[in-house]
Each structure stands twice: as C-alpha cells, then as structure tokens.
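Since the structure comes first, as structure tokens, the remarks are kept for the end.
Bear in mind these aren't lab numbers, they're just calculated from the coordinates by the rules spelled out. All figures in this text were calculated on a predicted structure; none of them were measured in a lab. Cβ sites come from the backbone with ideal geometry, for glycine too, and all protein chains shown count toward neighbours.
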Amino acid sequence: MRDEKGFDQWADGYDQSVRQTEEADAYPFAGYGAVLDQIYEKICRLDSRCILDIGFGTGTLAKRLYQDGYEIYGVDFSSNMIELARQAMPRAHFIRYDFSRGLPKELDGLAFDAIVSTYALHHLSDGQKVSFLQELLNRLTEKGAIFIGDVAFETKQQLCDCKKRYEREWDEEEFYPVFERLAPHFSAECFSFLPVSHCAGIFTLTKNQTA
Ligand SMILES: C[S@@+](CC[C@H](N)C(=O)[O-])C[C@H]1O[C@@H](n2cnc3c(N)ncnc32)[C@H](O)[C@@H]1O
C-alpha cells in the first residue's frame, strides 16, 4: 500500500502517469478523464457552492471547480500533492490528514453541497469505506450529494474478470469498490453506480433523493 511518502514521491509524475495509462485505455486509469468530467457535470447540475474533495492529489478535478468560483475544501496526507494543488488553488482550504481516521477536526461544523473523491477511497477496506461514507453523509447539506469515482465495478465477477485480464499489473493492496458489496449498507433510492469504462465507475450517494 502506497503511504504518504509514496504519494510524495509520485506527486511530480502523477498527472503524466495517469495520462499514459488512460491513453492506453488500460487498468487502472482507463476512463479517468470521463470519470472526472461526469462528476464535474453532476456537480454543476446541483445547486452547490461548497465542495469537499477527499484525496484531491494534484487537484485535477478541484481545479476546474475552483476556477468556476466554488469554495474548495480538501483532505490529503501527501505534503507534495498538497503543495502542487495549493499552487493552482491559493484560496482553497487544504488539510493534511489521513482520512483512514475519518475527517479532521478542522472540518467540524461545516456542511458541503458536494463531497467528491476520485481514485482515493480504494485505500480503505470495505468496512472502512462504509463507515467513512456514513460519516460523509452527515456532512452533506440537505440536497447535497457524494460522488465517488474510482477503479470500480458493479459486480464481484466483473472485478475478478478485470483482475484476470491485468494479472501482472493488478495491485493486491488496493480495495476497489464493488457496487453489489456496498449497496446493502445504503438505501436503494439513495445509492447508485454508473460504469464509465471497463475498470472505472461513479458511485452517487445522497441523503434523500437521487442527484
Ligand atoms: C491516486 S491519487 C488520486 C488523486 C486525485 N483525486 C485524482 O483523481 O487524480 C490518491 C490521492 O489520495 C491521497 N491519499 C491516499 N490515501 C490517503 C489517506 N489515507 N489519507 C489522506 N490522503 C490519502 C494520496 O496522497 C493521493 O493524493
């Protein structure tokens, strides 16, 4: 499992390495741009101003929202990722914190219109994902939504097929979210999955209604 030092080392080359895998339409980043584009469009359709990005990295998605005038909060444990994101978003509120411990106290009392996380929550086990998503639900405004984009699958079988196809590259230390595993923990009308590529998709989670 890549720790904060691993992400510090990856920070400078991160955008380029994502682009290369994405262009090859290969695991793990096939569909990366489409995942971010679709989350961006979903947020634009909400009546939202205040966004929290969990594991924002170099800030590829957050930057677009920042440039549109959204108020951006973010949590990431890599100082080098934070530094790169801060250069592009000087007025954003970035907190260095390990989200496997939940949310930092600096965010206490705040509510967000949208909470996003792309290619980061696979660092949590399934049990941790469920608890963390429940914690995030409590931080949403009434009509807010959580959008999770990641290496992700609708079924366990699809994950197994992908793992077989990418046997040599597969990262055994990452826990990719699978809709049929997570769905029993949330009410059906508030939780949905949209496949975007053969190895990526977007989960949407709301308090009351589908975003
Ligand atoms: C693969 S990058 C994704 C970056 C960005 N969201 C994107 O879509 O390109 C994962 C990011 O999550 C951060 N991250 C991973 N595990 C974390 C943890 N436990 N706590 C805080 N940040 C974490 C890493 O530092 C890194 O910036």
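Here are a few things to note about the model shown:
- Residue count for the range 1-28, restricted to those that are surrounded by 17 or more Cβ atoms within 10 Å (Cβ to Cβ), within 16 Å of the chain's Cα centre (by Cα) and assigned to a helix (DSSP H, G or I): 3
- Test: residue in the range 29-47 that is in a loop (DSSP other than H, G, I, E, B), within 13 Å of the ligand (Cβ to nearest atom) and surrounded by 15 or more Cβ atoms within 10 Å (Cβ to Cβ): yes
- Residue match in the range 57-65 (condition: surrounded by 21 or more Cβ atoms within 10 Å (Cβ to Cβ) and on the phi > 0 side of the Ramachandran plot): yes
- Only one of the listed residues (TYR119, TYR70) is among the hydroxyl-bearing types (Ser, Thr, Tyr) and within 14 Å of the ligand (Cβ to nearest atom). That residue is TYR119.
- Pairs linking a residue in the range 12-28 that is within 17 Å of ASP150 (Cα to Cα) to a residue that is away from the ligand (no atom under 13 Å from the Cβ) and hydrophobic (A, V, I, L, M, F, W, C), with Cβ atoms under 6 Å and 6 or more positions apart or on different chains, are TYR27/CYS199.
- Selected residue (criterion: farthest from the ligand (Cβ to nearest atom)) from residues of the range 106-116 that are among the hydrophobic types (A, V, I, L, M, F, W, C) and under 14 Å from THR204 (Cα atoms): ALA114
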